[in-house]
1. I'd like the isolated cysteines in the protein assembly as shown, meaning no second cysteine's beta-carbon lies under 4.7 angstrom from theirs.
2. Just to be sure I understand: with springs between alpha-carbon atoms less than 10 Å apart, which residue in A:Ala94, A:Ala68, A:Ala140 has the highest mean-square fluctuation in the Gaussian network model of chain A?
3. May I ask you to give the percent of accessible area on the protein assembly as shown that is carbon plus sulfur, with a probe radius of 1.4 Å?
4. Test of understanding: what is the full-extension gain from A:Glu110 to A:Cys3, defined as 0.36 nm times their sequence separation minus their Cα-Cα distance?
5. How much space per residue, in cubic angstrom, does the convex hull of the C-alpha atoms of chain A take up?
6. Averaged over B:149-159, how many beta carbons belonging to a partner chain fall within 10 Å of each residue's beta carbon?
7. To the nearest 10 Å², what's B:Phe52's accessible area with a 1.4 Å probe?
8. Using the heavy atoms of the protein chains and a 1.4 angstrom probe, tell me the accessible area per residue for the protein assembly as shown in square angstrom.
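The values are calculated or read from the model by the stated rules, or taken from the named source; none is laboratory data. Here the structure is a predicted model, which means the values were calculated and not measured. A quick note on method: Cβ atoms are made from the backbone with ideal geometry, for glycine too, and the neighbour counts reach across all protein chains shown. Note: areas computed on protein heavy atoms with side chains; ligands, DNA, RNA excluded. Shrake-Rupley method; radii C 1.70, N 1.55, O 1.52, S 1.80 Å.
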Amino acid sequence: MKCEKVEELLSPYIEDELSIEEKKAVESHLETCENCSLLFSSMGETMESLTEFPELDVSESLLDRIYAIPSRKRRFKFSFDLLLRPSLQPILAAATILLAIISLYMFHPERNRVNKFVDRQIHLGYSKVGRLYAKAESFATSLGEQKENILVSLKNINPLGRDED
Amino acid sequence: MLVDSYSKRVFNMAYQFAGSYEEAEDLTQDIFLKLYNSLPKYDFEKNFSAWFLTLARNYMIDNYRKTKWEKKTRDEFNEHLLSSDAFDSPENGMVREESKKIIWESLNYLSPEIRMTVILRDIQGKKYEEIAEIINLPLGTVKSRVNRGRLQLAKILKEKKERKNEM
């Protein structure tokens, strides 16, 4: 068996994962090859050193920092949650549209023409409302004049069709 | 509860991986912050420890990749370790201590993936199956990484010893 192959098998050999034949081959190679034998003992020493690696305690200051995370996160989350709350979304959408319209108006290159157009539309609206009001008034007057006739007609109506005694 | 159960484990893992006490503290804090952000995504049918250690492992390796040029050195070997129990026993002679120092310092020569696998297997003593779950790789790949890591460290130790004997 070549040294490269033995190197690959050293770790599985230590963990007892080789077949009987492989194990024998590795052992006979280690008996004759000083280099591999030294590597094998170094590997054993490496694994032993790693196993004995001590466990350290966590400092109080680190524990304080970790315990502080949830409350810090909650504060941070609060501001975002408020904005991202679904019930606020229609309001935020309306505000966005309103801002878009205002900015469109503010930065429109022909703002004066827009102003005139808006004025004209408002005047037209006023005159339409005035006309409607006048019509309603004349209708109410004619209704008042016919009031007596309407009352008599209503009294004469006999919905059940019974004869008067 | 979460902090009590996992802070020591994560801190030690970070220290074994990064080799710097301060950096391990920062990494631990960042990992817990990431944990709180990721908790809503946790699938309750999964093993929590493995899930959390996967998250920690991924964070450490990603962080290492981003800042690897600053991560060449580890803390002085004696700074935090000599005060612990491993060096109290009288049979731990100078030679043994020297070997431990070499192994400890050589961990940084391993690639982050191999280093993490060696840490999980040889320092933390986890089973290969557990490691495969944490690093989300087939068992064969895990074993191959452990073998390569041990071999690299053993070669470094052997070379340093031979050089010392030549002097």
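1. Flagged as lacking a Cys partner: A:Cys3.
2. A:Ala140
3. 56 percent
4. So the chain would gain 29.7 nm between A:Glu110 and A:Cys3.
5. 595 Å³
6. 6
7. Accessible area of B:Phe52: about 0 Å².
8. Per-residue accessible area for the protein assembly as shown comes out at 66 Å².
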